[in-house]
Amino acid sequence: MAKRRISFLIITVGICIAVLSTGCSSTKVTRSPEEMDKITLKVVEKSELPEGIAYSIKLTNSSSFLIKQNHVYISYPYRIEKNSNSLNKAKVEAEGNKLDIRPGDEVILNAFIPEGIFNSDKVDLSVLQYEIKGYIEEVKDINQFARLGDILD
């Protein structure tokens, strides 16, 4: 009877240790603004054609995160006042993206804005904006991220 109790106690303790060690090892992605700022986009080539404007954009991941399943959109901001712009809901998705962009990777994306699509006196054609949506490390709701900004020339 004593051997059974000792065996049961050893098995119970072993199970508790296994459950505790796996429960404590879950990784949580912490995103600091400084680290997210290391994901950058830059225009590397701009070609004005009769049909529109073609852009080659370099996405650089200088962060310590793996970027998963991201989408990059470009547009020109919508002018609401003389010195004030807002995000334009009309946008073009860049092509050539990768599912996994590792720390240190660079990806060249291509986007084409057809002539006349943004013709309006309320659109600021001098500023190219981007929107990037994706996931950090793994595709989970908690790991979603989105960034907006101007693309540097």
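Since every read-out is calculated from the coordinates, none of them should be taken as a lab result. Since the structure is predicted, the reported quantities are computational estimates derived from the model, not experimental observations. FYI the Cβ positions are ideal-geometry reconstructions off the backbone, even for glycines, and counts take in every protein chain you see.
Send over the per residue convex hull volume for the stretch 95-153, Cα only, as a whole number of Å³.
Details: hull volume 7.5 nm³, N = 59.
Cα convex hull per residue, to the nearest whole number: 128 Å³.
Could you give the size of the charge dipole of the stretch 28-153 about its Cα centre, using +1 on the Cβ of each K and R and -1 on the Cβ of each D and E, expressed in debye and rounded to the nearest 20? Could the numbers behind the result be given before it?
On the way: 17 positive and 21 negative charges, 74 e Å.
Roughly 360 debye for the stretch 28-153.
Counting alpha carbon pairs within less than 8 Å and at least 6 residues apart, what relative contact order, in whole percent, applies to the stretch 33-150? Don't skip to the answer; put the middle values down first.
Working: 256 pairs, mean separation 33.9, N = 118.
Reported relative contact order: 29 percent.
In the stretch 79-131, what trypsin sites (Lys or Arg not before Pro) fall in a loop by DSSP, with at most 10 other Cβ atoms inside 10 Å?
Values: sites: R79, K82, K89, K91, K98, K122; in loops: K82, K89, K91, K98, K122.
For trypsin sites (Lys or Arg not before Pro) across the stretch 79-131 that sit outside H, G, I, E and B with at most 10 neighbouring Cβ atoms in 10 Å, the list reads K82, K89.
Could you tell me what fraction of 2.2 N^0.38 Å the Cα radius of gyration of the stretch 38-110 comes to, as a two-decimal ratio? If you can, show how the numbers build up before the last one.
Numbers: Rg = 14.3 Å, N = 73, 2.2 N^0.38 = 11.2 Å.
Against the compact-globule rule of thumb, the ratio is 1.27.
Once phi is turned into ³J(HN,Hα) by the Karplus curve 6.51 cos²θ - 1.76 cosθ + 1.60 with θ = phi - 60°, what whole-Hz value does each residue of the stretch 63-79 show in order, with x for glycine and proline?
7, 9, 9, 7, 8, 10, 6, 9, 10, 10, 10, 10, 6, 9, x, 8, 7
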